[in-house]
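J.: Let me give you the structure first, and then I'll get to my questions.
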Amino acid sequence: MSSTSQKHRNFVAEPMGDKPVTDLAGIGEVLGKRLTASGFDKAYVVLGQFLVLKKNQELFLEWMKDTCQANSKQSSDCYQCLHDWCEEFL
Amino acid sequence: MVDVESLSDAELRTKLIEFGYPIMPITGTTRKLMQKKLKILLDNKNDGRRSLGRYSSEEESDTDVSSTRKSNRRVTMGAPSPRYAKQNDSPQPQEVHKTTRTTTTTRKVVKTQSQDEFDTGSDSEPEIIENNSTSFSPLSQMNFEHSTTKYSRPRTVTSSSNFSNSYSTSLSPQPLSSSRFTSTTNSGDGALDRLNQIRSRLSLGSPTATSPPTSSTEDEQTPFLSNFTRRLSQLSNVPKTTDYDYKSDIIKEYDTNGAGAYTRTLQGRQPRYRDVNQSYYTSNAGGQRNNMISIILLSIFCLFFVCLGVMYYGMRDDGVAVSPSGYYIPHCNERGKDAQPGFNCIHYSDVDDAVNLMHFIKPELIKRAVSYGCKDSTTRPFLTEGEVLNLRHVKDDDIHAIQKQLENMEVLAFRNPDWCISMVPTDVGNDLSEEDAFRDMEALMSYKNGHTVGLAVLNPDLPLRCRFYNKVYTIFNLALVIFGTFLTLYLLNMAYKYVKRYHKHSNDEVYSMVRRIVDVLESSGDGPDDFLVINHVRDMILPIMNRKSMEKIWMKAVKFINENESRVRTEVQVVQGEPFEVWRWLGNPSLSSSPRSKTWQGQAFETQVGSVNSLPCSPTPCLKIRGMMDDNDRNPQLIREAVLGKCAHQCRILHCGIDDVSKCVYLKCADQNDAAVAYQNLHGWWCSGHLVTVKYLRLERYMQRFPNSPVSGPPYLKSLTSAKDWSS
């Protein structure tokens, strides 16, 4: 990871609270809509999935791809974001 | 193998654990993922086994490979029939005709291919027929057959089998899940039956027709009987059973699990062959679109550079060539009142003359500039106005007209910078630059009064060779300058180092000289008049021949001693009636008067009985003596000897202990009287520059400190030295 996006830093900076799923790094409007449609409307729901997958990167990326057709950049951004958040707050 | 989709959560988990995958919670959201994972793991497992088989069969013949593969497929397989039947609706007849016509190799490949179709077709054939029925025309199928045979011929037998295999997989554009497949076969079962019958009627002749030659050729290639028989049984299966497809369909229904597993293996293998698949489509069906695009890109790329080159040369040409028209000519009529012909404008009638003059002198100017720039820098790079006049005068003898033409031309030259003619002062030397040239007519005019103006082409287009020489010359000059700079730096560095070394050397010499002088003075310092005449010292140290050459060092050494040597005093003494500068050796008092041995130097104060410094009677037989030990004294024997030598002759001493830590000497006498004698002998005496003080010590303390000390005599300690009267 050479540098992280502003969105990533914003997300990792504080507890996620009730943030919508679009606040995750790598999740834009489109992916957010898809995730919401499949029930993942809040960032903490995605975090739950992330944790259920035991923070396994490979599986999480795969899941992202399945659920919202995220590309590898988006899903790894999201993974990194959640991973860093967990490092910080979990 | 089991169907991954139908596994329960627990089964899925155990399966994954079997593969050594970490346990994951299987939930609604993760289930799909885990199934995928398991599929991949299963595929990998099968893949590994397959590749192993392929390696081992590499040296065997093609048929061997296909037959061995077939053998385990046969049992598990069953799916292909619907596809095969359907496909036969359109392309299969063509294919059959094709096979009968082509050579044995072709036939063989086709055969293996068709066998592979039997095996692997379970993937996707129904879909192909749905999607590709239009695009996959009999003609294209024909083409494909051609390409297959072409490909297979130059390759090894194994590779051809691979290729056919790849073909069969390439028929499936996207992997189909086995469940889907099953459903299609089931739903279309009734229709398939009919289709199978039609197909069997249509293709009945073809396998029978092809099988004899194929078997004969393969017979030659496979000497292994077992393989041969296995293959033969397959072959016989194909032609004999008219309702073969129907049968296999039934087998398939019985063996769903195996078919599913096999399908998965093929799906896993598909990516590996996808590129072959792609190239096949592009070369045959899709045309050469990809190639075209790359060629177009390449040609555009080339065209761009060609255009660039053309433009560049065009620009250069424009700069060099002077087009006859398009000069900027300031006509006098346009300027009105402030028009000054020959200064800021010219008349219509004079334009041609001026331009002619320009054309006349420009070659000459260029010639001069080139010869100045290339051959001979002594020639002048410019023509003076006088020279211009002379040149022109040969043809036209009206000197004033020429003068006027020249002025007009100068005006035009200022106005038309693309003529590249500049007016320069002649008295700044030959090395002209743009800065030297006059900017406008006024400067030129003011300079003209009393000076000669030259015309020059400042930036001539030099020949290539000349430019090359100039460049080389410049580079050489630059290199020379750089080299010179480095050389200078190097020399400076060397010089600095040399100076430093020289200083160090001379300093060393001075110091060694000083040391020798001090040695001489020290050795001669014991005499009654312990001084030496300076010149004598020099004569003692320096040999005769060196005196002149070493004089400088000697002077420095003398100066050094006068300034920095405290042990030597310079004074003037009369020696044999003559005053001389002498050095007197003062020596080192601390060194000279520091006897290492402990000696008693005298009494500081009275300690006889009755004096204020001693007690009237001694309370204990033990004494503590301070001041006998220095900080650096490491020889307790010496101190002990000194103490005993002082008092042991007058009293009886039982024990003498020395404590390094408290720097005290402890003395134990036979009784109080002896202690009093010892006290009087030691207390208040100087010992080696120290004042010795003695105190009485309680016996218990003494015994505490020295538990092993004897309690009573007779063995009394005696001094080694003879008794000496210290009182004097």
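The values are calculated or read from the model by the stated rules, or taken from the named source; none is laboratory data. None of the values given here were measured: they were computed from a predicted structure. A quick note on method: Cβ atoms are made from the backbone with ideal geometry, for glycine too, and the neighbour counts reach across all protein chains shown. When the accessible area is computed, the model is the full protein with side chains, heavy atoms only, and any ligands, DNA or RNA have been set aside. Shrake-Rupley method; radii C 1.70, N 1.55, O 1.52, S 1.80 Å.
J.: Could you run through segment B:6-24 and say how many residues are farther than 19 Å from A:LYS65 by Cα, in contact with a helix residue (DSSP H, G or I) (Cβ under 7 Å, 6 or more places away or on another chain) and either at the interface with chain A (Cβ under 10 Å from one of its Cβ atoms) or outside any helix (DSSP H, G or I) (or both)?
T.: 4
J.: Would you please name the residue that is least open to solvent (accessible area, probe 1.4 Å), looking only at residues in segment A:4-36 that are in a helix (DSSP H, G or I) and among the small types (Gly, Ala, Ser)?
T.: Going through segment A:4-36, the residues in a helix (DSSP H, G or I) turn out to be A:6-13, A:21-23, A:29-36.
With among the small types (Gly, Ala, Ser) added as a condition, the list becomes A:13, A:32.
Values: A:ALA13: 75, A:GLY32: 3 Å².
Checking each candidate, the answer is A:GLY32.
J.: Another question, then. Cβ-Cβ under 7 Å, sequence separation 6+ or interchain: first residue in segment B:667-691 and at positive phi, partner in a strand (DSSP E or B). Which pairs?
T.: So the pair list comes out as B:GLY684/B:GLN603.
J.: Also: Regarding segment B:682-701, can at least one residue be identified that is in contact with a Ser or Thr (Cβ under 6 Å, 6 or more places away or on another chain), open to solvent by 10 Å² or more (accessible area, probe 1.4 Å) and among the basic types (Lys, Arg)?
T.: yes
J.: Answer yes or no as to whether A:GLU87 is within 11 Å of chain B (Cβ to nearest Cβ) and open to solvent by 50 Å² or more (accessible area, probe 1.4 Å).
T.: no
J.: State all residues of segment B:468-490 that are open to solvent by 100 Å² or more (accessible area, probe 1.4 Å) and of a type outside the set (Val, Ile, Thr); if no residue qualifies, say none.
T.: Matches in segment B:468-490: B:PHE468, B:TYR469, B:LYS471, B:TYR473, B:PHE476, B:LEU478, B:PHE483, B:PHE486, B:LEU489, B:TYR490.
J.: Any chance you could count how many residues in segment A:37-81 are closer than 23 Å to A:GLU14 by Cα, open to solvent by less than 40 Å² (accessible area, probe 1.4 Å) and more than 10 Å from every other protein chain (Cβ to nearest Cβ)?
T.: So the answer is 10.
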